[in-house]
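This report concerns only the one structure given below.
The values are calculated or read from the model by the stated rules, or taken from the named source; none is laboratory data. Note that this is a predicted model, so its numbers are computed, not measured. We place every Cβ from the backbone using ideal geometry, glycine too, and count neighbours over all the protein chains shown. Surface accessibility is based on the protein's heavy atoms, side chains included, excluding ligands, DNA and RNA. Shrake-Rupley method; radii C 1.70, N 1.55, O 1.52, S 1.80 Å.
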Amino acid sequence: MRKGREKGKMKKHGLLFFFMLTTLSAFAQRATLSGVVKNAADGETVFGAYLLLVNMLDTEDVKYTTTNNAGFYTFSVASGDYILQINMTGFKTITDTLSITQNIRKNYEVASEVMMMKEVVVTAERRDENVSSVNVGRVDMKIESVKALPALFGEPDVIKAIQLLPGVQSGGEGNSGFYVRGGNADQNLILLDEATVYNASHLFGFFSVFNANAVKNIELYKSGIPAYHGGRLSSILDVRQKEGNMKIFSTDGGIGLIFSNLTVQGPIKKDKASFIISGRRTYIDLLIQPFLKETSPLKGTDFYFYDLNAKLNYRINDKHHIFLGGYYGKDLYGFKSENGGINTHFNWANAAASMRWNYIITPKLFLNTSLTFSDYDFGTEMAIDVYRFKLISGVRDYALKSDLTWWLPDKPHVFTFGAHYIFHKFNPNSYEIEAGTDNQFSMPTSTNYYANELSLYINDEFEVGKRFKFNAGLRFSWFSHIGSFTRYILDEFDNVVDSTVYKPGEVIKSYFGLEPRLSARFLIHDKLSLKASYTLNNQYLHQVSMASISLPTDVWMPSTDLIKPQMASHFSLGLYYNFKDNMYESYVDGYYKKMYNLIEYQDGIDLSSVTKNPDQLYTIGEGQSYGVEFYLKKNKGKFTGFAGYTLSFTTREFEDLNEGKPFYARYDRRHDVSLTLSYEIIRNKLSVSAVWILSSGNTMTVPTGLYLYGGTYITEYSERNAYRMPSYHRLDLSVDWTIAKRKRFETGINLSIYNVYNRKNPFFIFIDTEIDLNPAEGSPYIAMQAYQMSLFPILPSLTWNFKF
């Protein structure tokens, strides 16, 4: 009996040993293939290259992946012989045969190829990425596509390019502000090499801060935002700068009617370190000043901007890579009265800097750590005779972020973990007044606001079978408004009766939030899929504007004890379909977004009051937006392009505005249409592009009557945003002609025509009131007349581009 028991134990132990041996053997038989994909022309890493790995003994055993922002890829496979294929639009396909019996690290360089067509906006993707990926509302854009579009004054513009996409709306004529699925302009997180850009516009919004010659790639999320992004409700716009040519020195630029730009890049040490410097400036002010008479009101007027991008790129070894990047841009607008008694200057500036460290810890572990700095400031100076007035406001961030990506061995999971910390400093406004040379004093200024923000997240992208794919994540966020700070206490008549002073670092108010994120894809068949997403986002920063367009005067504010964080729940459901061998891709995507704790200025508020905290001037409400987007794109051939249409409804509801009744948001657009076409007349020599857009007009509040009360005329207004401006539509054309293309020199001309049929689109509408109670003839009358101001007529522009 005892021998039987011992025999049974030995049998169990033997089975356990056999199971462990088999498991270890299975792991031992697996290996990892990893590396970095780079551009053969300049040595820059390639983002979004599609890699396909096929088992030569079993062609049904196929694995695929894409390179991340550092160009890194990895596969975990059973030992054996494989065929690797690397595809990237605009580059020659690489095919390599590999015998994988142990961990292999292999880097590849992809060479550009002569293309039969120009893709208009979206690409660098797997041919059926539109259907097969789990991405919902994500768009990758090629900078070459942005440059091919017709542009205002011939200057390619990243933000104007994304405004053509369904669900993304412009702020108006020439405006570089954008609004995504009913959200406000402040609900878009704009990043440049991971540093936040708080004001992405030049010249009051007519141009964006992104120099197309310095941009490497653009990534936009308008829904399905994964857990590793946060801090905003509506969208993420992630712009990456070029890293600098590691192979050869090159210079390229362009000279236009009002713009010039120049970019210089090259290796510090070939294939090891590189640099890039790119700058641009407008000079219309310099060109017209010599021709103006001394009596001209434009004499002495300043109206220009300049910006500078720079980046250093150092590859320490195959595992460590360091990047140092920076941006600085400044605008200046100044004018004087005819008699010279009044001089006014507006100036605003953006600065951003980042230091990133990429570390390939193992073939399955990738670390990205970044330290960033962001600064935005706005100033106004006005001089009237001996009196001078100065107003300054701004926001500054110091941030540290670290992300770890883990490709789980033997399982179709990609985990990403991370932490993100930001220290915020807000200066809502400060004033300074001088009266003569000896009399200088300061008015009471708004107290600076300080805050800490911390986020922790985990994200997992994985497949279940061949039909289901998920991207699931959870983000924890914490925000704390801290001292030093002075809180003014008001009575029922809004008079200051007391104050509370907080010490530096003292916690005034803290908020916590859990943000679940989920995107899912169900593959109906190879060319058709159903996708859905849900995101819950918290936003701890606010921006509110009195104007109908985004201006540099708009002030950023943190969440405080009076202002709660913004929050939004966003649902999206769509069908994605490719046909004609992926020549065409399309989707129909419906969405619903509910937003909480939105802020607006109170009605009748006195913005000149400096005895209150700025957050005491706001009222809090809710909003919602819902709609459906249609998209069709042609990818191949000489003739390419896309068409987009959005039907949407966006409302707001504030207890203290519009008598508590819901009203349409300022940028509620019922219909929004965009059509982009490109045709290559002569291969790689001559091409034409056209963009046509049509949208419903912005909403507006108008006066509806005038009456006399107590000797004062009182204007009566409509309900808030009850009327609409006329619809907006415009056609733009461009011609790209490559005059010469040699090994060491390339030159060409771009001709752009903005607003081809000279449509007088409304920029804003103002109401003029005329009153005559004692006319010489006839009866007394009160007349109100609406006048429309249009901004740009037909505008041709010519740019000479060159490259050495």
Interchain or long-range residues, amide H under 5 Å from residue 282's placed H: 305
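Ignoring ligands, DNA and RNA, please state the percent of accessible area on the chain from carbon and sulfur, probe 1.4 Å.
Solvent-exposed carbon and sulfur of the chain make up 60 percent of the total.
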Within straight-line cross-link reach of residue 661, lysines at Cα separation under 24 Å, skipping those fewer than 8 residues along the same chain: 564, 593, 594
Net charge, residue 316 excluded, C-beta distance under 14 Å - Lys, Arg +1, Asp, Glu -1: +3
Ranked packing of 571-583, 55-67, most packed first, by mean Cβ within 10 Å: 571-583, 55-67
The chain - share of DSSP beta bridges that are antiparallel (%, nearest 5): 95
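Could you give the accessible area per residue of the chain, probe 1.4 Å, as a whole number in Å²? The partial results should precede the final answer.
Values: 36710 Å² over 804 residues.
Roughly 46 Å² per residue, with all protein chains present.
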Cβ crowding within 10 Å averaged over residues, with 774-783, 239-248 ranked highest first: 239-248, 774-783
Label point distance in nm, residue 271-residue 656, each placed 7 Å from Cα along Cα→Cβ: 6.5
Charge sum, other residues only, whose C-beta stays under 15 Å from residue 730's C-beta, Lys/Arg counted +1 and Asp/Glu -1: 0
Over the chain, volume per residue of the alpha carbon convex hull, in Å³: 230
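Could you give me D for the range 650-804, from Stokes-Einstein at 25 °C and 0.890 mPa s, where the hydrodynamic radius is the Kirkwood radius over C-alpha pairs? Units µm² s⁻¹, please.
Numbers: Rh = 20.3 Å.
Stokes-Einstein gives a translational diffusion coefficient of 121 µm²/s.
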Cross-link partners of residue 147 among aspartates and glutamates (Cα-Cα below 12 Å; sequence separation of 8 or more within a chain): 119, 155, 157, 736
Selection from 409, 141, 224, by position along the positive dipole direction of the chain (Cβ): 409
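Just order 478-485, 146-153 by mean Cβ neighbour count inside 10 Å, highest at the front, would you? It would help to have the intermediate numbers written out before the result.
On the way: 478-485: 19.6, 146-153: 22.5.
Result, highest mean Cβ count within 10 Å first: 146-153, 478-485.
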Per-residue HN-Hα couplings for the range 733-744 [Karplus 6.51, -1.76, 1.60; θ = phi - 60°; Hz; x = Gly/Pro]: 10, 8, 10, 10, 10, 8, 6, 8, 9, 10, 4, 10
Degrees between helix 2-28 axis and first principal axis of the chain (Cα, 0 to 90, nearest 10): 60
Proximal aspartates and glutamates to residue 364, defined as alpha-carbon separation beneath 15 angstrom and excluding residues fewer than eight positions away on the same chain: 318, 403, 410, 460, 461
Compactness of the range 709-779 as Cα Rg over 2.2 N^0.38 Å, two decimals: 2.36
